[in-house]
Amino acid sequence: QVQLVESGGGLVQPGGSLNLSCVASTSIFSDYNAAWYRQAPGKQREFVALITSAITTNYDLSVKDRFTISRDNAKRALYLQMTSLKPEDTAVYYCTLPSLDIWGLGTQVTVSE
């Protein structure tokens, strides 16, 4: 069973940046599309960004041009670079291998003064 562990969350002021990481426990990570989702308090989990095994990317409109998803298969790692952060970006961020329905435990991102 593949395990995913996120890191890099924290508290940042509006307009700031954060870099999230997710490391997979096995090398099969490279064979699958990987994605970031987020869940704000009182809201449903929502899609943020996806990167395919062929390194094509897709973003939710709310984060397009602010967030960048990338992966390093040699390190079994998934990344999310977040810039120009807004208070509405506050959420727990999860990495996932969607086709396997495998999720990490999440990392909290809080954007506040």
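The values are calculated or read from the model by the stated rules, or taken from the named source; none is laboratory data. As the structure is a prediction and not an experimental result, all values here were calculated from the model. All Cβ positions, even for glycine, are placed from backbone atoms using ideal geometry, and neighbour counts span all protein chains on display. Only protein heavy atoms, including side chains, enter the accessible area calculation; ligands, DNA and RNA are left aside. Shrake-Rupley method; radii C 1.70, N 1.55, O 1.52, S 1.80 Å.
Couple of notes before you dig in:
- Heavy-atom accessible area for W103, with the other protein chains in place and a 1.4 Å probe, reaches approximately 90 Å².
- Dipole magnitude for region 1-73: computed about the Cα centre from +1 point charges on Lys and Arg Cβ and -1 point charges on Asp and Glu Cβ, it is near 200 debye.
- Computed over the chain, relative contact order equals 37 percent, with contacts defined as Cα pairs under 8 Å that lie 6+ residues apart.
- Per residue, in Å², the accessible surface of the chain once ligands and nucleic acids are set aside, probe 1.4 Å: 53
- Annotation: peptides 89-96, 15-22, ranked by per-residue average of other Cβ atoms within 10 Å with the highest first, follow the order 89-96, 15-22.
- Note that region 1-69 shows a convex hull volume over its alpha carbon atoms of 115 Å³ per residue.
- Database remark: amide H of V48 closer than 5 angstrom to the amide H of W36, Y37, R38 (H placed geometrically; neighbours at sequence offset of 5 or more, or on other chains; Pro and chain starts carry no H).
- Whole-Hz couplings from phi, Karplus 6.51/-1.76/1.60, listed for region 34-44; x for Gly and Pro: 10, 8, 10, 10, 9, 9, 8, x, x, 10, 6
- Placing unit charges on the Cβ atoms only, positive for Lys and Arg and negative for Asp and Glu, gives region 30-113 a dipole magnitude near 100 debye about its Cα centre.
- Under the Karplus curve 6.51 cos²θ - 1.76 cosθ + 1.60, θ = phi - 60°, whole-Hz ³J(HN,Hα) for region 78-83, x wherever Gly or Pro sits: 10, 10, 9, 8, 10, 10
- Pairwise centroid distance, computed over Cα atoms, of region 82-105 with region 40-66, Å: 8
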